[in-house]
Amino acid sequence: MSAPAPSHRDIDPDRMIACPACDALLVDRDVAMGDTASCPRCGTVIEAPRPLAMTRIIMLALAALILMIAAVFFPFLELGAAGMVRRSSLLDTVMAFATGLTAPLTIAMAALIVILPVTRFLTLLYVLGPMAFGWRPARHAAGAFRLAEALRPWAMAEVFIVGVAVALVKVAGLAHVSLGPAFWAFVALVIVTVLKDNFMSRVTVWKTLDARRTS
């Protein structure tokens, strides 16, 4: 378990970590597989190594990539009103508003709900793939994982699906709405992404990167 840092001045700064929630300085200690290290001040989980964690994260990232492809190219919604039926996918939406004054908004939407999440999935595969096979980390793996962590707050697939749900409530009274396979693929994508992020112990990944680079 992590413990509060001693007050004496001889402590090795390389053995200290900060709680991501309350910034309390803690002494980094080895955590056994299956155990959990938490912050004694706020209770935030600092490290929770699990058996086959990298393999499971890789499988979830691959599943998320497949679901993203389905969410982008398959029909997302079908609207029917006054005898007219319109089917559209996310790609159709992006292309329809990719010109004119709405182009910046469309580019931002595509980046936040498609490009950035896909970049995170690919980056995690690049970082964790070699280590899952017991190999040394790939070149620039530390920088790639740092990029994945920096993109995490900006990958807003879950915000998009909430916005779509709110919009459907508004539109349901004006037209007949049918949900396409891409909608359910996107819902599954959000669930897989949440599971992946909650399952991943970031401190453990950093420790594994450092250990494999020096071995």
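The values are calculated or read from the model by the stated rules, or taken from the named source; none is laboratory data. Keep in mind it's a predicted model, so treat the numbers as computed, not measured. Quick reminder, even Gly has a Cβ in these numbers, built from the backbone with ideal geometry, and neighbours come from all protein chains shown. The area values use the complete protein model at the heavy-atom level, side chains included, leaving out ligands, DNA and RNA. Shrake-Rupley method; radii C 1.70, N 1.55, O 1.52, S 1.80 Å.
Here is a yes/no grid of residues against (1) in contact with a strand residue (DSSP E or B) (Cβ under 8 Å, 6 or more places away or on another chain); (2) at pLDDT 85 or above; (3) not charged (D, E, K, R):
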{"site": "142", "(1), (2), (3)": "no, yes, yes"}
{"site": "156", "(1), (2), (3)": "no, no, yes"}
{"site": "177", "(1), (2), (3)": "yes, no, yes"}
{"site": "185", "(1), (2), (3)": "no, yes, yes"}
{"site": "195", "(1), (2), (3)": "no, yes, yes"}
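For the range 33-43, the tally of residues that are open to solvent by less than 40 Å² (accessible area, probe 1.4 Å) and among the hydroxyl-bearing types (Ser, Thr, Tyr) stands at 1. Quick check: is even one residue across the range 56-70 of a type outside the set (A, V, I, L, M, F, W, C), out of contact with any His (no Cβ under 7 Å at 6 or more places or on another chain), free of Cβ contacts under 8 Å to residues at least 40 places away in the same chain and open to solvent by 30 Å² or more (accessible area, probe 1.4 Å)? Within the range 56-70, none of the residues are of a type outside the set (A, V, I, L, M, F, W, C), out of contact with any His (no Cβ under 7 Å at 6 or more places or on another chain), free of Cβ contacts under 8 Å to residues at least 40 places away in the same chain and open to solvent by 30 Å² or more (accessible area, probe 1.4 Å). Of the helices (runs of 4 or more DSSP H) lying entirely inside the range 119-215, those containing at least 3 residues that are surrounded by 15 or more Cβ atoms within 10 Å (Cβ to Cβ) and of a type in the set (Gly, Ala, Ser) span 141-151, 181-199. Only a single item in (1) out of contact with any Asp or Glu (no Cβ under 6 Å at 6 or more places or on another chain); (2) at pLDDT below 85 is not met by residue 31, and it is number (1).
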